[in-house]
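First comes the structure, then the notes that go with it.
The values are calculated or read from the model by the stated rules, or taken from the named source; none is laboratory data. Keep in mind it's a predicted model, so treat the numbers as computed, not measured. In this analysis, Cβ positions are derived from the backbone assuming ideal geometry, glycine residues included, and neighbour counts consider all displayed protein chains. The protein model used for the area step is the full one, side chains on, heavy atoms only, and it has no ligands, DNA or RNA in it. Shrake-Rupley method; radii C 1.70, N 1.55, O 1.52, S 1.80 Å.
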Amino acid sequence: MDVKWSERIRPSGNTPFKQINVSSESDWHMFDKVATYLEYKIDGVWLKKLDGLDQRYWDFASGRGRITLHLEHYLGIMIFPTDFEAADENSVILLSRAFSELVNYD
């Protein structure tokens with residue numbers, strides 16, 4: 001994994017928000033490993049697991065924070081606040097925690 005921060009512009013065109021780029025490859029096996037690791041390291045639960053032919057969107061909750069683990073065929077694997085247009089402080093904190101855990105992934 002090559003875990004790093006990046007910025008995305010909100011759909012409304014307002015200020016950018018941070019997201020975690022986990023991998024530039026859309027590897028379903030790696031996606032599953034990341035999901036299992038986050039669930040183990042951060043005491044949380046998967047709220048929704050939406051899988052398509054070339055995309056996956058899994059919403060993760062811990063405390064009051066919500067993040068989405070996303071796989072896109074052309075973009076790879078990324079994590080961002082679930083409601084990135086109106087992400088609250090709890091979701092941003094959870095995103096930072098996920099980053100810290102994934103950077104130290106063995």
Gain in span if fully extended, VAL103 to ASN90, counting 0.36 nm per residue against the direct Cα distance: 2.7 nm
For segment 1-104, run through the chymotrypsin sites (Phe, Trp or Tyr not before Pro) and keep only the ones in DSSP coil with at most 11 other Cβ atoms within 10 Å of their Cβ. TYR74
Taking a probe of 1.4 angstrom, what is the accessible area of SER100 in Å², to the nearest 10? 60 Å²
Given charges at Cβ of Lys, Arg, Asp, Glu: the chain dipole, positive-most of TYR57, TRP28, ASN90: ASN90
For the chain, what does the helix formula give at 222 nm: sum of -39500 (n - 2.57) over DSSP H segments with n ≥ 4, over the residue count, nearest 500 deg cm²/dmol? -9000 deg cm²/dmol
Size of the dipole of the chain about the Cα centre, Lys and Arg at +1 and Asp and Glu at -1 on the beta carbon, nothing else charged, in debye to 20? 220 debye
If I compute solvent accessible area with a 1.4 Å probe over the protein chains, what percent of it on segment 28-106 is carbon and sulfur? 51 percent
Accessible surface, the chain, averaged per residue in Å² (probe 1.4 Å): 59 Å²
What do you get for trypsin sites (Lys or Arg not before Pro) in segment 45-106 restricted to DSSP loop and a cutoff of at most 10 other Cβ within 10 Å of the site's Cβ? none
Can you tell me the FRET efficiency between TYR57 and MET1 if r is taken as the Cβ-Cβ distance and R0 is 22 Å, rounded to the nearest 0.05? 0.70
In whole Å and largest first, what semi-axes does the C-alpha gyration tensor of the chain yield when each eigenvalue is scaled by 5 and square-rooted? 18, 17, 14
The chain: relative contact order from alpha carbon pairs under 8 Å, six or more residues apart, as a whole percent, is 26 percent
